[in-house]
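Remarks on the structure that follows.
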């Protein structure tokens, strides 16, 4: 899949209610439309993972692709805070918390996300005004 520079691309579990809520929050706080989105289950999401060498990837994390770099787990939120600008960019300083602590909390939430927040039968469809942000 050839792609032009689209800016950061967030790959998320499209059937997870928590993940969908997170995506909606990022979209509303990104009025310039810097971030693009694709569900991990989608053809575009699978192609992007394959391009990164991740053909057999678990759905237990969000993925942020920035150029040739890829970020997972708690690093995704921290990187997104930087892209959102304004007061949100200050939350990037949470990166002083050691990664193993951040990712342990992330893993706990990821393991329980369907039980705590629910799951959809099909992936979220974006609102018409957001369609151009989805791959």
For residue 71, work out the one condition from (1) over 13 Å from the mean Cα position of the chain (by Cα); (2) within 21 Å of residue 109 (Cα to Cα) it doesn't fulfil. (1)
Which of the residues spanning the range 70-94 are surrounded by 16 or more Cβ atoms within 10 Å (Cβ to Cβ) and over 15 Å from residue 27 (Cα atoms)? 70, 71, 72, 73, 74, 75, 78, 92
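Residue-wise test of (1) surrounded by fewer than 19 Cβ atoms within 10 Å (Cβ to Cβ); (2) touching a residue at least 40 places away in the same chain (Cβ under 8 Å); (3) in contact with a strand residue (DSSP E or B) (Cβ under 7 Å, 6 or more places away or on another chain).
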site: 52; (1), (2), (3): yes, no, yes
site: 63; (1), (2), (3): no, yes, yes
site: 100; (1), (2), (3): yes, no, no
site: 106; (1), (2), (3): no, yes, no
site: 125; (1), (2), (3): yes, no, no
Which residue out of 91, 135, 48, 84 is touching a helix residue (DSSP H, G or I) at 6+ places or on another chain (Cβ under 6 Å) and touching a residue at least 40 places away in the same chain (Cβ under 8 Å)? 135
Among the residues of the range 1-12, write down those that are in contact with a helix residue (DSSP H, G or I) (Cβ under 7 Å, 6 or more places away or on another chain) and at pLDDT below 90. 1
When residue 49 is run through (1) closer than 20 Å to residue 112 by Cβ; (2) at pLDDT below 90; (3) outside any loop (DSSP other than H, G, I, E, B), the failure sits at (1)
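The values are calculated or read from the model by the stated rules, or taken from the named source; none is laboratory data. Being a predicted model, the structure only gives us computed values, none of them experimental. Note: ideal-geometry Cβ built from the backbone for every residue, glycine included; neighbour counts use all protein chains shown.
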